[in-house]
Amino acid sequence: MVKQLVLGAFEEFTPSFISNGWPHERSDPAAFATLEYWQSLARELDIAGFDFLFFADALGYPMYDDTIPEVVVREAVQFPVLDPLALISGLAATVDRLGFVVTASTTSEQPYLLARRFATLDHLTRGRIGWNVVTSDMQAALVKLLGLGEVTPHDRRYDRADEFIDVTLKLWEGGWSDGAAVVDKATRVFTDPGAVHRIRHHGEFFSVDGYFPVSPSPQRTPTLFQAGASARGVEFASRIAECVFIQERNPQKAAALVKLIRDQVELRGRRRDSVKIISSISVVVAETDDAARQLRRSLTAAPSRDAMAALFLGWSGVNLMGLDPDTAIDDLSTEVGKTTLAMYQNSEMSVGDVLDQLAETLGGTKITGTADSVAHDIELLAGESDVDGFLIEHTYGGIATYREFIDEVMPILRQRGLLPRTPRSGSLREMLTGSPTPRLQDGHPGALFRPDA
Ligand SMILES: Cc1cc2nc3c(=O)[nH]c(=O)nc-3n(C[C@H](O)[C@H](O)[C@H](O)COP(=O)(O)O)c2cc1C
């Protein structure tokens, strides 16, 4: 039985992302700050049968020597970037089936306030919202913007994230019992007071004491995503994530990472398949393989070397431009994005080598060719790495990124049984995890916070 893949679109509320490809002739980012720009993309993805539209987010910007590199502003390296949480309900208003996943940070947010926002979005999307839990990249700028002082060490940020998640789960799963809604005009009972419970949490990072004022939404807990392949990142994911994003470009290493995550999930008493692993890929399609390679070269040539180095800085925390190009990449370390740096390590490469290939390599696996060869490569990659689905990365921007993929590749994937003939529907959790209900599955630690647990 061929595993049917889940499919997401990888975007950010910014004119250009990952590829920094906005200078490319196929790009048209002018209207990126309008609702209509994203509503039309959401409608196309909904009709095409994508499962979800994912909005990454950057709260800071690449920074070193206490300032923002000029290229970040000049070449729009994830700058400007707008708040994706403000966008979702406007998109949900135009589509009936597509799910939405949004990044939010445990470093910058407060658990009670974020729990309230996601529970509200779960109501407004009728259970089709997911939360990509990050501790945030762009740390150097972020700590200054939020007045947090020094960058908190990497693993310590995950310690805070662990407690953060537990507080939100207590509010979503423990704040109200099922059947609380009465709405009886005769007795003037809207909600059964006995079904609303006080949450008391006093931890190392957070203290919350009170009642959760948002009535139960379809999923209660948004579908939980995570993306971070460091040892501490995988540990975090194996405890709370229902879906994990990976961006490993080497199929063997991807297979090893998928196995590692599933092993750790099982060690925690959760079913191996209760976590879906979704790999990020960049797809360029054309009528011939030569034409596709030519198109890929033109996309790779769109951003400047400095722009790609700035993006790497934002994601990893490492300023390659400020280092001797002969420095061995293995000699470097970071307290920001360990996975991004690690992707280039255990290699003979120098800083200069990495800079030379950033535009070709940064981000996920690059798949380039005719519709047939792309469908073949995707089927092969899914088989080799045992992932459950793919995230199609922003390339030119807008629908141009997905046009050929939707029109030419997806029909082939359907024929091969890799995509469902009828697009999935229901809550995001049901669509992606196969959960029989919109609610967190019993094996998830969040279920232990339920009043009747
Ligand atoms: C597909 C994908 C999407 C991500 N989206 C975001 C994001 O929206 N915002 C963010 O700050 N970091 C994002 N990250 C970065 C991760 O959250 C994490 O910081 C990074 O993978 C390094 O994690 P590690 O230090 O545990 O290895 C993303 C990573 C991947 C692979």
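The values are calculated or read from the model by the stated rules, or taken from the named source; none is laboratory data. Predicted model, so just to flag it, every value in this text is computed and none were measured. For neighbour counting, all protein chains shown are included, and Cβ atoms are generated from backbone atoms with ideal geometry for every residue, glycine included. Calculation scope for accessible area: heavy atoms of the full protein, side chains included, ligands and nucleic acids excluded. Shrake-Rupley method; radii C 1.70, N 1.55, O 1.52, S 1.80 Å.
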Item checked: Residue tally, condition in a loop (DSSP other than H, G, I, E, B), within 16 Å of the ligand (Cβ to nearest atom) and crowded, with 20+ Cβ neighbours inside 10 Å, over the range 45-86 -> 13
Note to self: Taking the condition of being in a helix (DSSP H, G or I) and open to solvent by less than 50 Å² (accessible area, probe 1.4 Å), how many residues in the range 291-306 meet it?
What the structure shows: 7
Next item on the list: Can you work out which of the residues in the range 232-248 that are within 11 Å of the ligand (Cβ to nearest atom) and in contact with a Lys or Arg (Cβ under 9 Å, 6 or more places away or on another chain) is farthest from S435 (Cα to Cα)?
Entry: R232
Checklist line | The lone exception for A31 - which of (1) open to solvent by 30 Å² or more (accessible area, probe 1.4 Å); (2) under 22 Å from T365 (Cα atoms) it fails | finding: (2)
Check: Can you name the condition, by its number, that S316 falls short on among (1) closer than 22 Å to S19 by Cβ; (2) polar (S, T, N, Q); (3) within 16 Å of the ligand (Cβ to nearest atom); (4) open to solvent by 40 Å² or more (accessible area, probe 1.4 Å)?
Finding: (4)
Note to self: Regarding the range 132-155, can at least one residue be identified that is touching a strand residue (DSSP E or B) at 6+ places or on another chain (Cβ under 6 Å) and within 19 Å of E430 (Cβ to Cβ)?
What the structure shows: yes
Margin query: With the structure loaded, tell me whether A42 is surrounded by 15 or more Cβ atoms within 10 Å (Cβ to Cβ), modelled with pLDDT of 95 or more, within 23 Å of the chain's Cα centre (by Cα) and within 15 Å of the ligand (Cβ to nearest atom) or whether it fails that test.
Written below: no
Check: Among the listed residues T135, T152, T103, which satisfies the condition of being over 30 Å from D46 (Cα atoms), within 13 Å of the ligand (Cβ to nearest atom), among the polar types (S, T, N, Q) and buried (at least 17 other Cβ atoms within 10 Å of the Cβ)?
Finding: T152
Margin query: Given the condition among the polar types (S, T, N, Q), in contact with a strand residue (DSSP E or B) (Cβ under 9 Å, 6 or more places away or on another chain) and either open to solvent by 10 Å² or more (accessible area, probe 1.4 Å) or away from the ligand (no atom under 16 Å from the Cβ) (or both), answer yes or no: does some residue in the range 164-175 qualify?
Written below: yes
Item checked: Hits in the range 421-446 (condition: under 23 Å from the mean Cα position of the chain (by Cα), surrounded by fewer than 16 Cβ atoms within 10 Å (Cβ to Cβ) and modelled with pLDDT of 95 or more) -> S425, T437
Check: What pairs can you find where one residue is in the range 1-20 and among the hydrophobic types (A, V, I, L, M, F, W, C) and open to solvent by less than 10 Å² (accessible area, probe 1.4 Å), the other is assigned to a loop (DSSP other than H, G, I, E, B) and near the ligand (Cβ under 10 Å from one of its atoms), and their Cβ atoms are less than 7 Å apart, with a gap of 6+ or different chains?
Finding: F17/Q78; I18/G363
Notebook entry, point to check: Cβ-Cβ below 7 Å, separation at least six or inter-chain, first residue in the range 51-68 and closer than 24 Å to D96 by Cα, second away from the ligand (no atom under 15 Å from the Cβ) and part of a loop (DSSP other than H, G, I, E, B): which pairs?
Noted result: D51/R424; F52/L98; L53/L98
Notebook entry, point to check: Taking the condition open to solvent by 20 Å² or more (accessible area, probe 1.4 Å), of a type in the set (V, I, T), more than 15 Å from the ligand (Cβ to nearest atom) and not in a strand (DSSP E or B), does T187 pass?
Noted result: yes
Notebook entry, point to check: Of all the residues that make up the range 145-168, how many are closer than 18 Å to L440 by Cβ and either in contact with a Pro (Cβ under 7 Å, 6 or more places away or on another chain) or among the aromatic types (F, W, Y) (or both)?
Noted result: 3
Note to self: Being polar (S, T, N, Q), assigned to a loop (DSSP other than H, G, I, E, B) and in contact with a Ser or Thr (Cβ under 7 Å, 6 or more places away or on another chain) is the filter here; which residues of the range 109-151 pass it?
What the structure shows: T135, S136
Next item on the list: Those residues that are surrounded by fewer than 17 Cβ atoms within 10 Å (Cβ to Cβ) and in a loop (DSSP other than H, G, I, E, B), I need them from the range 387-416; list them, please.
Entry: R416
Next item on the list: Collect the residues in the range 337-352 that are within 22 Å of G364 (Cβ to Cβ) and touching an Asp or Glu at 6+ places or on another chain (Cβ under 6 Å), keeping them in residue-number order.
Entry: G337, Q345
Item checked: Which listed residue is open to solvent by less than 30 Å² (accessible area, probe 1.4 Å), more than 16 Å from the ligand (Cβ to nearest atom) and within 26 Å of the chain's Cα centre (by Cα), from A309, A359 -> A309
Note to self: I want to confirm something. Restricting to the range 151-204 and keeping residues that are among the hydroxyl-bearing types (S, T, Y) and under 27 Å from the mean Cα position of the chain (by Cα), which single residue is farthest from A104 (Cα to Cα)?
What the structure shows: T152
Next item on the list: Return the residue satisfying two criteria in turn: it lies in the range 340-351 and is touching a helix residue (DSSP H, G or I) at 6+ places or on another chain (Cβ under 7 Å) and within 11 Å of the ligand (Cβ to nearest atom), and of such residues it is most open to solvent (accessible area, probe 1.4 Å).
Entry: T340
